[in-house]
Amino acid sequence: MRRGEFVNSYFDAWNHHDPDGVAAHLAQNGRYCDIPQHIELAYEELIADLKRLFARSKYRYELTSRVFTSRSAIAYQYRMILRGDGGSTNDTIYHGAEFITLRDDHAALMIADYYDVAGARQTRLASSPVTQPEQFKYVKSGLSDQRSLEYKNRLDEVMRSQELFLQPGLTLPKLAAAVDCSVNHLSQVINSGFNMRFSDYLNKYRVDCAMDVMTSAEGRRQSILDIAYSVGFNSVSAFYSAFKKHVGQTPAQYRREQLKQTSLPQVK
């Protein structure tokens, strides 16, 4: 397949909502990389995600630049028209670019997709309400609303029952394994479902736990340093920063207020 034919065939598969047709442009060991979402999908994973995506999204891809080619690469710019309810006046348009690395047989080793979430614009009249770009951040995810809710509930259950937040080395991949979902989908659930980044979501659990410790009889005899480490923080500075962000006070200020209410001796 020639490079020009590759692009035409690739766009045709996307516009006909054909997951197998899109994935057929990848080599068996190839990867599709959604750069803004930090998603990397292998052949079968891409098919599965596209099936979910095509079941819920209506859009069309169009080239907006010439196709730049070399012996082993293709690059071009595109725009995606996301069909809204009520006709073309509710369509949303955003722009992107793809960089494709090819094998000698013109199968793609990597398709890197870059697009401008913040630049998404609607074609409706300026006087009409404008939907925030956050809605389009995960337009290519393929994660259904029902599955997202399931992951969200499972995440809360795992965090509360297993208290994973107490682990200083807890990472997004480790938490995703506990929830039994992909890293990319868990990131989406936290960002969209809780309106937080992973670090803020994790720190909120740790800060809430620290507040409980500070108000307990045993916790009143512990130093702030000991409490910080006991709830999963790696440093006092990180603890103070997170505590101030979520509570509006430093740990010391919060503790002093609690001690005033109980009239118990303060531990510095």
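Quick one: accessible surface of V247, probe radius 1.4 Å, all protein chains present, in square angstrom to the nearest 10.
Surface open to solvent at V247 totals about 50 Å².
Name the residues whose placed amide hydrogens come within less than 5 Å of the amide hydrogen of M110, ignoring near sequence neighbours (fewer than 5 apart) on the same chain.
Sorted by chain and number, the residues that satisfy this are R31, T101.
Would you calculate the separation in nanometres between label points at S235 and D156, each defined as 7 Å from the Cα along the Cα-to-beta-carbon direction?
A separation of 3.3 nm, rounded to one decimal place.
Quick check: with the 1.4 Å probe, what order do T92, T69, T250 take by accessible area, largest first? Show your work: numbers first, answer last.
On the way: T92 5, T69 80, T250 35 Å².
Order by accessible area, largest first: T69, T250, T92.
If all Cα-Cα distances of segment 1-47 are sorted into 10 Å bins from 0 onward, what percent lands in each bin, rounded to whole numbers?
For segment 1-47, the binned pair fractions read 27, 53, 20 percent.
Report L259's accessible area, 1.4 Å probe, all protein chains in place, as a number in Å² to the nearest 10.
For L259, solvent-accessible area is about 20 Å².
So how much accessible area does E150 have, in Å² to the nearest 10, using a 1.4 Å probe?
We get 70 Å² for E150.
What distance in nm separates the simple spin-label points at D226 and L149, each placed 7 Å from Cα in the Cβ direction?
4.5 nm
Karplus couplings for segment 205-214 from phi (6.51 cos²θ - 1.76 cosθ + 1.60, θ = phi - 60°), rounded to Hz, Gly and Pro as x?
Calculated HN-Hα couplings, in order: 4, 5, 5, 4, 5, 4, 5, 5, 5, 4 Hz.
Using the Karplus equation 6.51 cos²θ - 1.76 cosθ + 1.60 (θ = phi - 60°), what ³J(HN,Hα) coupling, rounded to whole Hz, does each residue of segment 56-64 give in order, writing x for Gly and Pro?
10, 10, 10, 7, 9, 9, 9, 5, 10
State, as an integer percentage, the relative contact order of segment 1-83 based on alpha-carbon contacts under 8 Å between residues 6 or more apart. Present the calculation step by step, with values, prior to reporting the outcome.
Values: 95 pairs, mean separation 19.9, N = 83.
Relative contact order comes out at 24 percent.
Tell me, how many Å apart are the Cα centres for segment 198-268 and for segment 1-70?
48 Å
In nanometres, what is the gap between the two model label sites at C33 and L166, each 7 Å from Cα along Cα-to-Cβ?
About 3.9 nm, to one decimal.
The values are calculated or read from the model by the stated rules, or taken from the named source; none is laboratory data. All values derive from a computational prediction rather than experimental measurement. Neighbour counts run over all protein chains shown; Cβ positions are idealised from the backbone, glycine included. Just the protein is used for accessible areas: all its heavy atoms, side chains included, with ligands, DNA and RNA removed. Shrake-Rupley method; radii C 1.70, N 1.55, O 1.52, S 1.80 Å.
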